[in-house]
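Novice: Next up is a structure, given as structure tokens.
Read-outs: derived from the displayed coordinates by stated rules, not from any lab. No experiment lies behind these values; they were computed from the predicted model shown. Note that we place each Cβ from the backbone using ideal geometry, even for glycine, and neighbour counts take in every protein chain shown.
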Amino acid sequence: MTSAVLDVAKRVLALESAAIAALADRIGPAFEDSVERICKLRGRLVLSGVGKSGHIARKIAATFASTGTPAFFVHAAEAGHGDLGMITPDDLLVVISNSGESDEVVNLALFVKRFGTPVVAMTGSAESSLGKLADLHLDCSVEQEACPLGIAPTASTSAQLALGDALAMATLTAKGFTQEDFAKTHPNGALGRKLFLRVSDVMKKLSEVPHLTPDTKILAAVSEMAASRIGAVLALNGAELAGIFTDSDLRRLLAKNSDQLGNLSMLSLSDVISVNPMTIQASALASEAISIFEDKHVSRLVCLDDMGQPCGLLSFFDLLDFKVA
């Protein structure tokens, strides 16, 4: 049984990949015109279908909506029961149907054309009822379904989805849609956080960070560091940054003076701080901080306000907590 199952799976993948590959030779002027119409839309892009094609239409609508083209899905069967009110003459309707003969999609195309709404049909035949009604036809025909029984929509729905993705990506390119634009509709995603979160959103504020004068004894500084559990102490001359002392600095100091630990109590922060620590503007994007951490191999960045004075501290772990890194 295992061999037969694998043979079926391989056949399905071969047929569906061939169906998708064949689409490339069929896209032409109608595809370009569709992209142009979508780019010039004053209204919204409406996707519709029934059955499996309806599921594909819903997904394509979501792809368009997330890549700069306002779009939504209308179920063709529900349209005649009030949902037609969602469609205006300023919109563009893309109807997906393999046969192009389902009553629901044909009736929908008829109804909206009466209102002056243009229709793009994505079907397996330009000679179908839907294909003839449409202003533009996109050919997504397949030689055969991948279903062993030749019944379940498989290769046809894969072709529909691929052609819909191609239409969305071509539109995205024509509009000059950018990563920054994508982030605007995905603020909760990793990319959105990288492109919108600023250092000030994730850093530890100065009030949370131990900050002492440079003449503070090292043991007192270590005590402050341990109590804060931040792993660093800032040395400040008034509002100006004098340096930073981190837990890594402490470990190196202890290793270097393992035979003279008693003498460490005589040291002050000014004796051990890094006087030129890496800094970043609090107004900078969190993504800039990631680049510094990766390039400079430091564990913390001192955050500066618009006056160049320290206002916080950022660690790589802060970025991890916010799922930016």
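Novice: How compact and how long is segment 2-177, expressed as Rg and Dmax of its alpha-carbon atoms in Å?
Specialist: 16.1, 55
Novice: Then there is this: Quick one: I218, I27, fewest Cβ neighbours within 10 Å first, how do they rank? Please list the in-between numbers first.
Specialist: On the way: I218 21, I27 17.
Ordered by Cβ neighbours within 10 Å, fewest first: I27, I218.
Novice: If the cut-off is a Cα-Cα distance under 19 Å, which aspartates and glutamates reach K52, setting aside same-chain residues fewer than 8 apart in sequence?
Specialist: Output for K52: E16, E78, E101, D103, E104, D139, E143, E145, D165.
Novice: Fully extended, how many nm does the chain gain between E240 and D7 (0.36 nm per residue separation, minus their Cα-Cα distance)? Please report the intermediate quantities before stating the final value.
Specialist: On the way: separation 233, 0.36 × 233 = 83.88 nm, distance 7.14 nm.
Working it through step by step, the gained length comes to 76.7 nm.
Novice: Going by C-beta contacts inside 10 Å, put F245, F182 in order with the fewest on the left. Could you put the intermediate results ahead of the total?
Specialist: Details: F245 28, F182 17.
Listed from fewest to most nearby Cβ atoms, that is F182, F245.
Novice: Let me ask something else. Kindly provide the helix-only [θ] at 222 nm of the chain, computed as the sum of -39,500 (n - 2.57) over DSSP H runs of four or more divided by all residues, to the nearest 500 deg cm²/dmol?
Specialist: Numbers: 16 runs with 155 residues, N = 325.
One gets -14000 deg cm²/dmol as the mean residue ellipticity at 222 nm.
Novice: Taking K and R as +1 and D and E as -1, what net charge do the other residues with C-beta under 13 Å from the C-beta of T154 add up to?
Specialist: Numbers: positive: R11, K52; negative: E16, E143, E145.
Charge balance near T154 sits at -1.
Novice: Once phi is turned into ³J(HN,Hα) by the Karplus curve 6.51 cos²θ - 1.76 cosθ + 1.60 with θ = phi - 60°, what whole-Hz value does each residue of segment 182-199 show in order, with x for glycine and proline?
Specialist: 4, 5, 4, 9, 10, x, 8, x, 4, 5, x, 5, 5, 8, 10, 5, 10, 3
Novice: Oh, and also: At 0.36 nm per residue, minus the direct Cα-Cα distance, what do D165 and D215 gain on full extension? Give it in nm, one decimal, please. Walk me through the numbers on the way to the answer.
Specialist: Working: separation 50, 0.36 × 50 = 18.00 nm, distance 6.38 nm.
Roughly 11.6 nm would be gained on extension.
Novice: R252 to L84: extension gain in nm, 0.36 nm per residue of separation minus the Cα-Cα distance?
Specialist: On the way: separation 168, 0.36 × 168 = 60.48 nm, distance 7.20 nm.
Full-extension gain reported as 53.3 nm.
Novice: Going by the alpha-carbon gyration tensor, a ≥ b ≥ c the square roots of its eigenvalues, is the chain rounded (a/c under 1.5) or, if a/c is not under 1.5, prolate (a/b greater than b/c) versus oblate? It would help to have the intermediate numbers written out before the result.
Specialist: Working: a/c = 4.36, a/b = 2.66, b/c = 1.64.
Since a/c reaches 1.5 and a/b is larger than b/c, the shape of the chain is classed as prolate.
Novice: Mind telling me which of A255, A282, A134 comes out most flexible in a GNM of the chain, alpha-carbon contacts under 10 Å?
Specialist: Maximum among the listed residues: A255.
Novice: Could you check the spin-label model distance between T178 and A21? Points 7 Å from the Cα along Cα→Cβ, value in nm.
Specialist: Taking the two extended label points, one gets 3.8 nm.
Novice: Taking neighbour Cβ counts within 10 Å as the exposure measure, how do M225, M278 sort from fewest upward? Display every interim value, and only then the final one.
Specialist: Values: M225 21, M278 18.
If I rank by nearby Cβ atoms, fewest first, I get M278, M225.
Novice: Restricting to DSSP loop positions (anything but H, G, I, E, B) with no more than 11 other Cβ atoms inside 10 Å of their own Cβ, which GluC sites (Glu not before Pro) remain in segment 101-171? Write down the numbers at each step before the final one.
Specialist: Working: sites: E101, E104, E127, E143, E145; in loops: E101, E127, E143, E145.
For GluC sites (Glu not before Pro) across segment 101-171 that sit outside H, G, I, E and B with at most 11 neighbouring Cβ atoms in 10 Å, the list reads E127, E143.
Novice: So which DSSP H runs in the chain come out at 27 Å plus along the axis (Cα) with average Kyte-Doolittle of at least -0.5?
Specialist: Values: long enough: 2-23 (32 Å, 1.24); 155-175 (30 Å, 0.70).
Once both thresholds are applied, what remains is 2-23, 155-175.
Novice: Here is a follow-up. In nm, give the distance between the simple-model label positions of S207 and H75, each being 7 Å from the Cα along the Cα-to-Cβ direction.
Specialist: Taking the simple label geometry, S207 and H75 are separated by 5.2 nm.
Novice: By the scheme Lys and Arg +1, Asp and Glu -1, what is the net charge of all other residues having a beta-carbon under 12 Å from that of E145? Walk me through the numbers before you get to the answer.
Specialist: Values: positive: R11, K52; negative: E16, E143.
Combined, the nearby Lys, Arg, Asp and Glu give 0.
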